[in-house]
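**Q** Below is a structure I'd like to ask you about.
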Amino acid sequence: MLRRAAAAAGRGLRGPLGTAGRRQRSGADSPDGGSSDRGPRSDRAPKIYTRTGDAGFSSTFTGERRPKGDRIFEALGATDELSSAIGLAGEFSSEKGHTFVEQLHKVQCMLQDVGSNIATPLSSAREAHLKRTSFSEKPVLELEQWIDSYSEQLPPLRAFILPSGGKSSAALHFSRAVCRRAERCVIPLVQAGEADPNVAKYLNRLSDYLFVLARYAAMKEGKEEKIYVKPEP
């Protein structure tokens, strides 16, 4: 997640970013001294592993080396899991032809920006970092608009709903639960002044959005939502 968050912040994906400066082989460089008709050689695919984290440390976007158990990486991991869960829910929903799938994709993109902000602890961030990883309130307000729009189409909530209502709905409920955990991981960072408060607000509204969307998916698919029934004594 940190690697992708850093990419979203402008560092670029891990890979041979300096290939533009490589000297391509000219005719004078060919073995026979003539011109080469093979064209420039394609770059090798970058390796996914670097071995830099083998000792149990990783880097923040600001360049700090911290233990992988640091709460920053806990929050990044939870956010990464959330994006994965939403991706799965999106696939189930796409199979059913739900039009909100594009919203889920947009949410996943926003979570990359959430990760960029988390990976940039304010205590060590310079102005250049902050310009690239700041997180505004605009995405929070957009979620609220989506929540209101779907809520108006749903029947009144009269009982405690259990995760159910078909694959799309159940997967969205699962995403909601992961989102709550991600929020719990981010709150201490916000309280310590290391992350933007809008990040925590976004995750809070996102869990509400996922709950409403799960109910909406069940309704559109004609699936029954299971409710809590107190067991007999």
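**Q** Among the candidates Ile118, Ile161, single out the residue that is modelled with pLDDT of 95 or more and aliphatic (A, V, I, L, M).
**A** Ile118
**Q** Taking into account only those residues within the range 180-209 that are more than 14 Å from Gly115 (Cβ to Cβ) and among the aliphatic types (A, V, I, L, M), which is surrounded by the fewest Cβ atoms within 10 Å (Cβ to Cβ)?
**A** Here the residue is Ala192.
**Q** Also: Quick one: which of Ser123, Ser93 is open to solvent by 60 Å² or more (accessible area, probe 1.4 Å) and small (Gly, Ala, Ser)?
**A** Every option except Ser123 fails the conditions.
**Q** Sticking with this one: Considering every residue within the range 217-226, establish whether at least one is within 17 Å of the chain's Cα centre (by Cα) and either of a type in the set (A, V, I, L, M) or open to solvent by less than 30 Å² (accessible area, probe 1.4 Å) (or both).
**A** no
**Q** Tell me yes or no: at least one residue of the range 104-115 is surrounded by 24 or more Cβ atoms within 10 Å (Cβ to Cβ), closer than 30 Å to Ala55 by Cα and not β-branched (Val, Ile, Thr).
**A** yes
**Q** Name, by its number, the condition in (1) touching a residue at least 40 places away in the same chain (Cβ under 8 Å); (2) within 13 Å of the chain's Cα centre (by Cα) that does not hold for Ile72.
**A** (2)
**Q** Of the residues Leu141, Leu157, which is outside any helix (DSSP H, G or I), open to solvent by 60 Å² or more (accessible area, probe 1.4 Å) and aliphatic (A, V, I, L, M)?
**A** Leu157
Yes/no per residue for (1) out of contact with any Ser or Thr (no Cβ under 7 Å at 6 or more places or on another chain); (2) of a type in the set (Asp, Glu); (3) over 23 Å from Thr79 (Cβ atoms):
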residue	(1), (2), (3)
Lys167	yes, no, yes
Phe174	yes, no, no
Cys185	yes, no, no
Val190	yes, no, no
Ala195	yes, no, no
Lys201	yes, no, no
Asn204	yes, no, no
Glu221	no, yes, yes
Glu232	yes, yes, yes
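**Q** Just need a number here: residues in the range 56-72 that are among the aromatic types (Phe, Trp, Tyr) and touching a helix residue (DSSP H, G or I) at 6+ places or on another chain (Cβ under 7 Å).
**A** 1
The values are calculated or read from the model by the stated rules, or taken from the named source; none is laboratory data. Computed from a prediction, not measured in an experiment: that's the story for all the values here. All Cβ positions, even for glycine, are placed from backbone atoms using ideal geometry, and neighbour counts span all protein chains on display. Keep in mind that these areas ignore ligands, DNA and RNA; they rest on the heavy atoms of the full protein, side chains included. Shrake-Rupley method; radii C 1.70, N 1.55, O 1.52, S 1.80 Å.
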